[in-house]
Amino acid sequence: MKMRVVWGGLCLAFLVLLGACSKSSEADKLPPMEIEGVKVDTPRLMAEFVNAPPQLQKPVNDAVTRVRYKQYLQAMMALDEVLKSPGLSDKQKELIAQVIGQLKELLSKVPPQPNR
């Protein structure tokens, strides 16, 4: 549990730093995570939501955490819920849909992990 808190703190620090010193166009340059040969744009997704309201930011961060724990189906479901939220920009909607598509591709290559 302590490692999870430390990792979460590091992610938060990275996002704050990213939000403080970059423009949204810089987020477009972030390289995707490669998982099982599939490029998943979770770094861009997190960067796009760094200044979003907490009710949008938290479920996105939770979905990215699920991706890290190989819980791809749960991550897709969480992102699908965010996609239904009011107040998203077109860019945010497009990026969420793109990541969901990448996770679908990933799921076709690896079996889903059980909930933990």
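The values are calculated or read from the model by the stated rules, or taken from the named source; none is laboratory data. Owing to the predicted nature of the structure, the values given are computational and were not obtained by experimental measurement. Ideal geometry is used to build each Cβ from the backbone, glycine not excepted, and the neighbour counts take in all protein chains shown.
Brief remarks follow.
- Test: residue in the range 35-45 that is at pLDDT below 95, part of a helix (DSSP H, G or I) and either in contact with a helix residue (DSSP H, G or I) (Cβ under 9 Å, 6 or more places away or on another chain) or buried (at least 17 other Cβ atoms within 10 Å of the Cβ) (or both): no
- Filtering the range 50-97 to residues that are among the aliphatic types (A, V, I, L, M) and farther than 16 Å from MET33 by Cβ leaves VAL50, ALA52, LEU56, LEU73, MET77, ALA78, VAL82, LEU83, LEU88, ALA97.
- Test result for LEU103, surrounded by 13 or more Cβ atoms within 10 Å (Cβ to Cβ), part of a helix (DSSP H, G or I) and either at pLDDT 95 or above or within 16 Å of the chain's Cα centre (by Cα) (or both): yes
Each row is one residue, and each column tells you yes or no for (1) assigned to a loop (DSSP other than H, G, I, E, B); (2) at pLDDT below 95.
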{"site": "PHE14", "(1), (2)": "no, yes"}
{"site": "ALA20", "(1), (2)": "no, yes"}
{"site": "ASN51", "(1), (2)": "yes, yes"}
{"site": "VAL82", "(1), (2)": "no, no"}
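- Taking the criterion of being surrounded by fewer than 17 Cβ atoms within 10 Å (Cβ to Cβ) and touching a residue at least 40 places away in the same chain (Cβ under 8 Å), the only residue of the range 48-69 that qualifies is TYR69.
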